[in-house]
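Quick notes on the structure that follows.
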Amino acid sequence: MYMPPGWAMQAAHFLFLSRKWASDEKYLTESLAYFRDYPVQLLLFPEGTDLSESNKLKSQQYAEKNGLPKYEYVLHTRTKGFVHCLHEMRRGGAAVPVIDMSVAYVGPIPQNETDMLGWNWPQEIHFHVKQAPPSELPEDEGGLEEWLKQRWDEKEQLLERFYADNKFSGTYMSEEDINCPRLQMISLFIFWGLYFLLQFYLLYFYFSFVCCFYCLTSVFFIVVNCFTSGTDQIVLKIHQCTVRQQH
């Protein structure tokens, strides 16, 4: 969290968790209360980490200890965070659908920065997308936990079939079927291209000013992280004060 990528993620209100429920529950509850006031889509990885060999071994040891099936293509899911997120987002009577997405790769899967720099990329990336309407989701905590575990059983079988012939069953959608807004994508490429050109221009002609700006920005984030838990926590405090004043 003390490095620039972490600062950018704080500003975008990524959820930084300690993986200790005693400390994470309050922060997660406050963040979800903040998200309810905005039209957001919450991206959640219930497995909690990546599918490395060491993590897969831990998952299989957990399965053996608890009498569960051993997975080869997924990890045993963590249910508490998913259940809590859905419960909090439902407050106020909101109907919250869940989009279940599975990702499969043809070719090597990069596991670290070295793989990425070595251009160790997959040749194809396939997405299997399925929406669970609010009516399908159980209301109680135990029901949601069981629902999520069943989805992971299905994912294991789905990915096993995929890696048999490098293809998901069912109907595939092409780029034309998705109706990708090409003008929007082109606009984004133009924007970021001009942005980086501007950065190089400023560095070349106004080097001292740019260095001063980045130094001040770095000092700001370092001070914020020293005396608080991050800019995301400041945003939460402001939001809570605003809500209290409105009531």
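The values are calculated or read from the model by the stated rules, or taken from the named source; none is laboratory data. The structure displayed is predicted, hence computed values, not measured ones. Note that each Cβ is placed from the backbone with ideal geometry, even for glycine, and that neighbours are counted across all protein chains shown. Areas reflect the complete protein model, heavy atoms only, side chains present, ligands, DNA and RNA absent. Shrake-Rupley method; radii C 1.70, N 1.55, O 1.52, S 1.80 Å.
Flag: Pro110 matches the condition of being over 30 Å from Ile234 (Cβ atoms) and either of a type in the set (Val, Ile, Thr) or outside any helix (DSSP H, G or I) (or both).
Entry remark, segment 140-149: residues being open to solvent by 80 Å² or more (accessible area, probe 1.4 Å) and either within 16 Å of Leu68 (Cα to Cα) or assigned to a loop (DSSP other than H, G, I, E, B) (or both) number 3 in total.
Taking the residues in segment 204-222 that are open to solvent by 70 Å² or more (accessible area, probe 1.4 Å) and of a type in the set (A, V, I, L, M) as candidates, determine which candidate is nearest to Ala8 (Cα to Cα). Here the residue is Ile222. No other residue among Arg78, Arg90 is surrounded by 15 or more Cβ atoms within 10 Å (Cβ to Cβ), among the basic types (Lys, Arg) and under 19 Å from the mean Cα position of the chain (by Cα) apart from Arg78. Determine if segment 96-105 includes at least one residue that is over 15 Å from the mean Cα position of the chain (by Cα) and either under 27 Å from Gly143 (Cβ atoms) or among the polar types (S, T, N, Q) (or both). Scanning segment 96-105 turns up at least one residue that is over 15 Å from the mean Cα position of the chain (by Cα) and either under 27 Å from Gly143 (Cβ atoms) or among the polar types (S, T, N, Q) (or both).
Results for (1) open to solvent by 80 Å² or more (accessible area, probe 1.4 Å); (2) touching a Pro at 6+ places or on another chain (Cβ under 6 Å); (3) not hydroxyl-bearing (Ser, Thr, Tyr), shown as yes or no for each residue.
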{"residue": "Val83", "(1), (2), (3)": "no, no, yes"}
{"residue": "Glu113", "(1), (2), (3)": "yes, no, yes"}
{"residue": "Trp121", "(1), (2), (3)": "yes, no, yes"}
{"residue": "Pro134", "(1), (2), (3)": "no, yes, yes"}
{"residue": "Pro138", "(1), (2), (3)": "no, no, yes"}
{"residue": "Asp153", "(1), (2), (3)": "no, no, yes"}
{"residue": "Arg161", "(1), (2), (3)": "yes, no, yes"}
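Evaluated against (1) out of contact with any strand residue (DSSP E or B) (no Cβ under 7 Å at 6 or more places or on another chain); (2) open to solvent by less than 70 Å² (accessible area, probe 1.4 Å); (3) modelled with pLDDT under 90; (4) at negative phi, Tyr71 falls short on exactly one condition, (3). Consider segment 22-40 and keep the residues that are modelled with pLDDT under 85 and either closer than 20 Å to Thr77 by Cα or among the polar types (S, T, N, Q) (or both). The one that is least open to solvent (accessible area, probe 1.4 Å) is Ser23.
Okay, residues lined up against (1) in a loop (DSSP other than H, G, I, E, B); (2) without any contact (Cβ under 8 Å) to a residue 12 or more places away in the chain:
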{"residue": "Thr29", "(1), (2)": "no, no"}
{"residue": "Leu44", "(1), (2)": "yes, no"}
{"residue": "Glu47", "(1), (2)": "yes, no"}
{"residue": "Leu51", "(1), (2)": "yes, no"}
{"residue": "Leu68", "(1), (2)": "yes, yes"}
{"residue": "Leu75", "(1), (2)": "yes, no"}
{"residue": "His84", "(1), (2)": "no, no"}
{"residue": "Glu88", "(1), (2)": "no, no"}
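Residues are listed down the side, and each one gets a yes or a no for (1) out of contact with any helix residue (DSSP H, G or I) (no Cβ under 8 Å at 6 or more places or on another chain); (2) part of a helix (DSSP H, G or I); (3) not hydrophobic (A, V, I, L, M, F, W, C):
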residue: Asp115; (1), (2), (3): yes, yes, yes
residue: Lys130; (1), (2), (3): yes, no, yes
residue: Trp152; (1), (2), (3): yes, yes, no
residue: Leu158; (1), (2), (3): yes, yes, no
residue: Phe162; (1), (2), (3): yes, yes, no
